[in-house]
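See below for the structure under consideration.
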Amino acid sequence: MDPVLVSAVCRVVALLILAIAAVIIVRTALGDTESKDRARILTAVAAIIRALWGKR
């Protein structure tokens, strides 16, 4: 296989896994929260996703 193609496929798969994990984290975290706490939770989840993806 072409190394460029393998690299692209791996990157897409990693992005899909990260997106699925983010949805699961948000659904779990927002399950029993009040509306005043949701912004703080979503900000924290965004920071975790950025750290996992390597943007920070």
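The values are calculated or read from the model by the stated rules, or taken from the named source; none is laboratory data. Model, not experiment: these values are computed from the prediction. Glycine gets a Cβ as well: all are built from the backbone with ideal geometry, and neighbour counts include every protein chain shown. Note: areas computed on protein heavy atoms with side chains; ligands, DNA, RNA excluded. Shrake-Rupley method; radii C 1.70, N 1.55, O 1.52, S 1.80 Å.
Some points to look at:
- Dipole magnitude of the chain, debye to nearest 20 (Cβ charges: Lys/Arg +1, Asp/Glu -1, about Cα centre): 220 debye
- Fraction of accessible area attributable to carbon and sulfur, the chain (%, probe 1.4 Å): 67 percent
- Heavy atoms of the protein chains alone define the surface here; on that basis the stretch 16-56 has 81 Å² accessible area per residue at 1.4 Å probe size.
- Between 0 and 90°, nearest 10: helix 3-29 axis offset from the chain longest Cα axis: 10 degrees
- Selection from Ala22, Ile48, Val6, by position along the positive dipole direction of the chain (Cβ): Ile48
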